[in-house]
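Notes follow the structure.
The values are calculated or read from the model by the stated rules, or taken from the named source; none is laboratory data. Small disclaimer: the values here were computed from a predicted structure and weren't measured. Methodologically, a virtual Cβ is constructed for each residue, glycine included, from the backbone with ideal geometry; neighbour enumeration extends over all protein chains shown. SASA here: full protein model, heavy atoms, side chains in, ligands and nucleic acids out. Shrake-Rupley method; radii C 1.70, N 1.55, O 1.52, S 1.80 Å.
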Amino acid sequence: MDTRPIGVFDSGLGGLTAVRQLRRVLPGEDIVYFGDTGRVPYGSRGRDVIVQYARQDIRFLLSRDVKFVLAACGTVSSTYPPEEAARLPVPYTGVVGATARAAVQATRNGKIGIIGTAATVRSGSYAAVIRDICPDAEIFARACPLFVPLVENGYVDAGNPVTKLVIAEYLQELRDNNVDTLILGCTHYPLIKRMIGDFMGDAVTLIDSGKVTAQATAAALDDLGLLNGRTAGGSAQFFVSDVPYEFARQARMFLGEYAGSGDVPVERIAIESY
Ligand code: DGL
């Protein structure tokens, strides 16, 4: 039993989709969230910069005495070196492993699509895990760099014509290749999941990396004896590196029913000093 909070971070607010799922599966746990809103996006940057940012994000969370670090970011999860993660003083997980395994379980025709940021797709991270378990899988990966800005700017309402057009542009090839399972490899994408599902059709299973990872995190905490034993009343603290204009609206959109009724309380920190 461990009463310390769970640390969760992302390049920005996308990881809040994972927090929403964590709240659902572990309503009694306390959460400390860091969103690097001053330096988002990570997905278009080079490897060294992403690793450096991830180190600072993790050091910040460790300074808040977290018991577990969840990188709720497909880009960091695909880039931060596993050997470095293994040396952290608390257990760490990204979103790639559990999500890729869930896709292998879900597919019936062995054709799996992967969408994510440019850095995520370039890394081949999801494909490597899938091939490990299922060498015969046919994998179709596509970077979708416009999805993050569309989501951050609130273009998420069902049927939004701009988002619909971009979805068709990015996903047509995956649909033509008859993938029956599609990994949403970036934690921003659940916000446009319905529109993606409408385009891909009912026969395609969408795997939400935040959701799958929240369940895997709950199982890992349980296995490690790190749950706090409470079944309700968990708190969440939010930290960002810049308070974005319209933060409250954005946070509400990502957190859904877990945003509460008033403004989402947020504190700005100087991430460069970590
Ligand atoms: N939420 C991040 C991810 O899962 C994407 C945003 C970014 O490019 O920073 O990859």
Within the stretch 168-181, the residues that are surrounded by fewer than 18 Cβ atoms within 10 Å (Cβ to Cβ) and polar (S, T, N, Q) are Q172, N177, N178
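Per-residue answers, yes or no, for (1) away from the ligand (no atom under 16 Å from the Cβ); (2) among the aliphatic types (A, V, I, L, M); (3) in contact with a helix residue (DSSP H, G or I) (Cβ under 9 Å, 6 or more places away or on another chain); (4) open to solvent by 20 Å² or more (accessible area, probe 1.4 Å):
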site: A71; (1), (2), (3), (4): no, yes, yes, no
site: S77; (1), (2), (3), (4): no, no, yes, yes
site: P82; (1), (2), (3), (4): yes, no, no, yes
site: A85; (1), (2), (3), (4): yes, yes, yes, no
site: V96; (1), (2), (3), (4): no, yes, yes, no
site: T99; (1), (2), (3), (4): no, no, yes, no
site: N109; (1), (2), (3), (4): yes, no, no, yes
Scanning the stretch 31-42 for residues that are under 18 Å from C186 (Cβ atoms) and open to solvent by 10 Å² or more (accessible area, probe 1.4 Å) gives T37, R39, V40, P41
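Residue-by-condition table, conditions (1) away from the ligand (no atom under 15 Å from the Cβ); (2) aromatic (F, W, Y); (3) over 15 Å from the mean Cα position of the chain (by Cα); (4) in a loop (DSSP other than H, G, I, E, B):
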{"site": "M1", "(1), (2), (3), (4)": "yes, no, yes, yes"}
{"site": "F9", "(1), (2), (3), (4)": "no, yes, no, no"}
{"site": "G12", "(1), (2), (3), (4)": "no, no, no, yes"}
{"site": "Q21", "(1), (2), (3), (4)": "no, no, no, no"}
{"site": "E29", "(1), (2), (3), (4)": "yes, no, yes, yes"}
{"site": "G38", "(1), (2), (3), (4)": "no, no, yes, yes"}
Filtering the stretch 40-85 down to residues that are of a type outside the set (F, W, Y), outside any helix (DSSP H, G or I) and in contact with a strand residue (DSSP E or B) (Cβ under 6 Å, 6 or more places away or on another chain) yields R64, V66, V69, L70, A72, C73
In the stretch 43-68, anything more than 15 Å from the ligand (Cβ to nearest atom) and either open to solvent by less than 10 Å² (accessible area, probe 1.4 Å) or out of contact with any Lys or Arg (no Cβ under 6 Å at 6 or more places or on another chain) (or both) is listed as D48, R55, I58, R59, F60, L61, L62, S63, R64, V66, K67, F68
Within the stretch 138-167, residues open to solvent by less than 30 Å² (accessible area, probe 1.4 Å) and not aliphatic (A, V, I, L, M) come out as C144, F147, G154, N160, T163
M253: passes all of (1) open to solvent by 30 Å² or more (accessible area, probe 1.4 Å); (2) in contact with a Leu (Cβ under 9 Å, 6 or more places away or on another chain); (3) closer than 30 Å to R108 by Cβ but (3)
Apart from one, (1) within 18 Å of the chain's Cα centre (by Cα); (2) at pLDDT 95 or above; (3) outside any helix (DSSP H, G or I) all hold for F238; the odd one out is (2)
What do you reckon, is V95 within 22 Å of R142 (Cα to Cα) and aliphatic (A, V, I, L, M)?
-> yes
